[in-house]
Ligand code: ASP
């Protein structure tokens, strides 16, 4: 009886299957798999993107209103930001240590791999990043999917919603809560397409990416990868174990649909619907916490990107034979943090933001051309770490807020079949 057996396979297994088949199909058929892979990948990405804006608005407003008072919100906000900055710095330190120890760029025979013209320089200052958070027109930000201003507006809307008298507040709060529930159901429906979408995404990547660049950039690639593995496999799990007091392995398993989607899409924003759904329904974290920590995290908490910025810039300096002194190394660390905060949760955003770090230490922007060739795979890896860090933050903050249901997911989802 094949059908009931198939129904018993859980979502993560289906996604793994999609990935494995994607790798095989991409290798076996090369670019001739694209007529099948492209529509599947695009369909899934469009469905995810369709969900993001209404999901953020309804979840942030209902989440903030659910916190109940401005003091609670301030406390949660302070904890969240402290977590973001602390873990990003830990990631940066890990990267900095490794790249200085391994020195992948010293004596590397690189030559410009590709004209850097295809990479636009980001023109961002801290002030610019902060200012961009405030929407001149919230509707315009919603229409263009500009996430940070949407969050800013929704948080304020929630804060002032709480202050209405109950007669006025309750209908509106109920409306946003109901709309949020609808969005979560819709998200679950979209997630049912994840295995097929991920098959398409992975097949496309394998079919169109060559392995040639890894010959000259292999050590650099491995240095970033090692850093990401240490951060995601040791540092963050330790924090989860100590501060959230749950098993990081079980938690990672609960979050696996989101982590695998992050890897396949290279986009924290596109992954956000899965991140929230997995945290709430598979890991049992409250809506109050996820709706505050996740959307903000997907946009500004990027540990993987921060680590990568730091390693890449020091690698470029080494390749050019430029010695960075202590002050410059510190400057790299600080600007790498800013670049990771400013990077949008979309593919290759980190590469674009690197110009900030390069400029800060006076390195030529052309340096970006050196690392372009292996960026795609690194983007997949760092995005997974970005999303994992958001997830760990949600668990830690949920525990600090006294939540007791963490890793006691709703039964129906533990058993979950395809959604
Ligand atoms: N792709 C990454 C993300 O969405 C950002 C980056 O390029 O580093 O999280």
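Observations, loosely collected:
- Across the range 227-236, the number of residues qualifying as surrounded by fewer than 24 Cβ atoms within 10 Å (Cβ to Cβ) and either touching a strand residue (DSSP E or B) at 6+ places or on another chain (Cβ under 7 Å) or touching a residue at least 40 places away in the same chain (Cβ under 8 Å) (or both) comes to 2.
- Condition check for residue 389: within 16 Å of the ligand (Cβ to nearest atom), in a helix (DSSP H, G or I) and either touching a residue at least 40 places away in the same chain (Cβ under 8 Å) or touching a helix residue (DSSP H, G or I) at 6+ places or on another chain (Cβ under 8 Å) (or both): yes
- Cβ separations smaller than 8 Å between residues 6+ apart or across chains give the following pairs from the range 305-317 residues that are at negative phi to residues that are within 13 Å of the ligand (Cβ to nearest atom) and not in a helix (DSSP H, G or I): 305/343.
- Residue within the range 188-204 that is out of contact with any helix residue (DSSP H, G or I) (no Cβ under 9 Å at 6 or more places or on another chain) and surrounded by fewer than 18 Cβ atoms within 10 Å (Cβ to Cβ) present: no
- Restricted to helices (runs of 4 or more DSSP H) entirely inside the range 246-359, those with at least 3 residues that are within 16 Å of the ligand (Cβ to nearest atom) and touching a helix residue (DSSP H, G or I) at 6+ places or on another chain (Cβ under 7 Å) are 256-265, 268-277, 287-300, 303-319, 326-342.
- Among residues of the range 305-334, those that are buried (at least 23 other Cβ atoms within 10 Å of the Cβ) and farther than 19 Å from residue 372 by Cα, counted: 1
- Residues within the range 77-101 that are within 17 Å of residue 151 (Cβ to Cβ) and modelled with pLDDT of 90 or more, tallied: 6
- Answer from 160, 153 - the residue that is touching a helix residue (DSSP H, G or I) at 6+ places or on another chain (Cβ under 6 Å), at pLDDT 90 or above and either surrounded by 19 or more Cβ atoms within 10 Å (Cβ to Cβ) or in a helix (DSSP H, G or I) (or both): 153
The values are calculated or read from the model by the stated rules, or taken from the named source; none is laboratory data. As the structure is a prediction and not an experimental result, all values here were calculated from the model. For neighbour counting, all protein chains shown are included, and Cβ atoms are generated from backbone atoms with ideal geometry for every residue, glycine included.
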